[in-house]
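Remarks on the structure that follows.
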Amino acid sequence: PRPENHVLVIFGATGDLARRKLLPGLFHLAKAGLLPDGFRVVGSAPAAGAPSEAEFREHARQAVAEFGRTPPEGPGWEAFAESLTFGAADPDDVGPLLDAVRAAERAVGGQPRRLFHLAVPPVAFSSVVRMVGASELSDDARVIVEKPFGTDLASARALQAELHAVFDESRVFRIDHFLGKESVDNVLSLRFSNGLFEPIWNRQHISHVQIDVPERIDIQGRARFFEGTGTFRDMIVTHLFQLLGFVAMEPPAVLDADSLRAERDKVFRSLRPIDPAHVVRGQYEGYRAEPGVDPASDTDTFTALRVEIDNWRWAGVPFHLRSGKALAEGRHMVTLSFRQPPLRMFPLAEHGGEAARSNTLAIDFDDPGSITARFLTKEPGPYMRLCTAEMTFDYAGSFSEDHGLEGYERLLLEAMLGDQALFTSSEGIERLWEVSEPLLTNPPPVESYARGSWGPEGIRRLVRPHHWYLPDGR
Ligand code: BG6
């Protein structure tokens, strides 16, 4: 399906997110022929320092050149650039934005749908929502809201109330770009359409689960955002917990937005509140010396933790989560580890002890991703000795045409189609803040770790008697 005609207003249009993801993503959608015929983007930002229309188009060109998948050239680029306009807005003067939106709507013709994307830092959410609410801009409009949604339960509830004063829930799209990744969606088909996997996806067969998202990049100068956020709020309570929702949920009654969100929310309701004793917070060496960072900062640039889901499917199965900046590799992995057969008959050919005996299913949800099953097999030769074998399904090598969209591209499209299946619900988010309360009120001190490592020492203790699968797969 193609979305109806749209005018998309991006608040924070000159910011980091618009530059890295939104503008390049929109250009990719345009090139792929997925945008509606009538489409305009109105960039917005406070009047102080705001670009002219020509400057904004040049800004977009540079953004696409640096971060896009195809260069900003040719007739395709010209047409896209012409769809970009700009209108500054401040709480006491939304005039230029109103004018730009009206002009864009006239250019599209008819009654295009209005969609706002709040690509602004968390501290600016409320004022933008109030500004939109006070103008006539919000009538019938939809809104995309960035994560993290609040910084704790109380602030998430307050933000929720402010949003709902302007937009009813059916028009709110809380984005978590991990849910737009192809392999995350594929977790549903993997689990619920395969007799090979569906019956074993539970505590009878799975001993523990890891959701591991190390990043090689550091905070890349984003001290202002990061100091007020930290890895737990930036990555864990958002992306990693949402992934956990997909991995752990029950089959939905039907594949629609309400059922899918309800099943993920049920997982969150069953999450046991986080025990701070099961959390390792870390900070990479040199973080406190970065410009804009408090020299005594307690902000986590790394968090690893163990959580448990108290329901019939998962009782007793630990879920180990890790994410952090300035680590050895950038990966996106979910690894399920299976229980061993009741009796051991075979000697192992290789070193590695107990961990090497476990079968695993590892889902790599990089773009494009892969799925690898690891199991034991007989080593060729006159002896009965076992070693580990691997079977991998690779997205990149498996399909002749690549129709893949990146997370933001897919989700921008879904929001234009009005489908909330891959967006987070207010109930789910509030519950996630609720289970995080014990950690937020009583955080363990940050432990230092070397850049390029896998995190502080304490993380090994956290997963005992198990091991982290990265970096060497066991
Ligand atoms: C963003 C975080 O939501 O996700 C960033 O704010 C992080 O800090 C990024 O680097 C990671 O996304 P991806 O898709 O590149 O793994």
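The values are calculated or read from the model by the stated rules, or taken from the named source; none is laboratory data. None of the values given here were measured: they were computed from a predicted structure. The accessibility values were calculated without ligands, DNA or RNA, using every heavy atom of the protein model including side chains. Shrake-Rupley method; radii C 1.70, N 1.55, O 1.52, S 1.80 Å.
Restricting attention to the chain, the count of lysine pairs at 8 or more positions apart or across chains with alpha carbons under 23 Å apart stands at 10.
In this structure, the amide hydrogen of residue 10, modeled 1.01 Å from its nitrogen in the peptide plane, lies closer than 5 angstrom to those of 42, 43, 44, 117, counting only residues at least 5 positions away or on a different chain. Across the range 155-203, Cα-Cα distances exceeding 14 Å account for 68% of all pairs. Shape summary of the range 1-141, radius of gyration then Dmax from alpha carbon positions: 14.2, 41 Å. With 5 Å bins beginning at zero, the pair-distance distribution over Cα atoms of the range 367-474 amounts to 2, 7, 8, 10, 11, 15, 17, 14, 8, 4, 2, 1, 0 %.
Of the accessible area of the range 106-185, computed with a 1.4 Å probe over protein heavy atoms only, carbon and sulfur atoms account for 49 percent.
Just round it to a whole percent: the fraction of Cα-Cα distances in the range 300-399 exceeding 18 Å. So the portion of pairs separated by more than 18 Å is 64 percent. Annotation: the antiparallel percentage among DSSP beta bridges lying fully within the chain is about 55.
In the range 92-134, inverting the average of 1/r over every pair of distinct C-alpha atoms gives 11.9 Å as the Kirkwood radius. For the range 136-238, the Kirkwood radius over C-alpha pairs fed into Stokes-Einstein at 25 °C and 0.890 mPa s yields D = 142 µm² per second. Computed on the Cα atoms alone, the convex hull of the range 223-272 gives a volume of 90 cubic angstrom per residue. Residues in the range 194-324 average 38 Å² of solvent-accessible surface per residue, probe 1.4 Å, ligands and nucleic acids excluded.
In angstrom, the C-alpha Rg and Dmax of the range 1-78 are 12.4, 40.
Each principal axis of the range 412-451 carries a Cα extent, and these read 45, 29, 9 Å when sorted largest first.
The convex hull drawn around the Cα atoms of the chain, when projected onto a plane and averaged over every direction, covers 24.1 nm². By the Kirkwood approach, averaging reciprocal distances over each pair of separate Cα atoms, the range 232-361 gets a hydrodynamic radius of 17.7 Å.
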